[in-house]
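*Asks:* Have a look at the structure that comes next, please.
No lab work stands behind these numbers, since they all come straight from the coordinates. Source: prediction; values computed, not measured. When we count neighbours, we look across all protein chains shown, and the Cβ atoms used for this are built from the backbone with ideal geometry, even at glycine.
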Amino acid sequence: MQIYVQMPNGKTILIDVQLEKTKVNDVKQKVMEKSGLRLEDIVLVFKEEILKNDFLLKQYGIDKEAKLEAETAETLTKNYKQKLDALENEVQRWQQKFGEEGAQKEELQDRLKESLIQLDQYKYY
């Protein structure tokens, strides 16, 4: 069967897979062959979840004609940093408006920073 993979440049490619046997890293290999991207730079995303290399497609609930997104680690990190910057600005505005009560927003900021750290680790899966 086939799944769709939307590339960083916006183009969509078809990949032949066997859901019961195909691992995420196998899909990355096929994306590399069709795109020229380096294997270690490819990050696959399904329903806003970064997919880990050693997992089977079926473990993520991927079925026929599913659409994955192929991102590069650099692009994904840049997007997260933009979200982090926006959140930091919101925290500052909140603190100016509400004083110490606004400090509770810092917890959200810390969570997003932790997500950014975890994202950097995904390229090793």
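*Asks:* Ranked by Cβ crowding within 10 angstrom, fewest neighbours first, how are PHE46, PHE55 ordered?
*Replies:* Values: PHE46 18, PHE55 14.
By the 10 Å Cβ count, ascending, the order reads PHE55, PHE46.
*Asks:* Using a 7 Å offset from the Cα along the Cα-to-Cβ direction at both ASN79 and GLU49, what is the distance between the two label points in nm, to one decimal?
*Replies:* Placing both labels 7 Å along Cα→Cβ, they lie 1.7 nm apart.
*Asks:* Taking the simple approach of a point 7 Å from Cα along Cα-to-Cβ for both GLN18 and LYS64, what is their distance in nm?
*Replies:* With each label placed 7 Å out from Cα toward Cβ, I get 1.6 nm.
*Asks:* Determine which lysines satisfy two conditions relative to LYS78: a Cα distance under 26 Å, and not lying fewer than 8 residues away in the same chain.
*Replies:* Partners within reach: LYS11, LYS28, LYS30, LYS34, LYS47, LYS52, LYS67, LYS105, LYS113, LYS123.
*Asks:* Which three numbers, in whole Å and largest first, are the semi-axes of the equivalent ellipsoid of the stretch 2-73 derived from its Cα gyration tensor as √(5λ)? Could the numbers behind the result be given before it?
*Replies:* Details: eigenvalues 55, 31, 27 Å².
So the three semi-axes of the stretch 2-73 are 17, 12, 12 Å.
*Asks:* Once fully extended, how much extra length lies between ASP26 and ASN89, figured as 0.36 nm per residue of separation less the alpha-carbon to alpha-carbon distance?
*Replies:* Going from the current span to full extension adds 18.7 nm.
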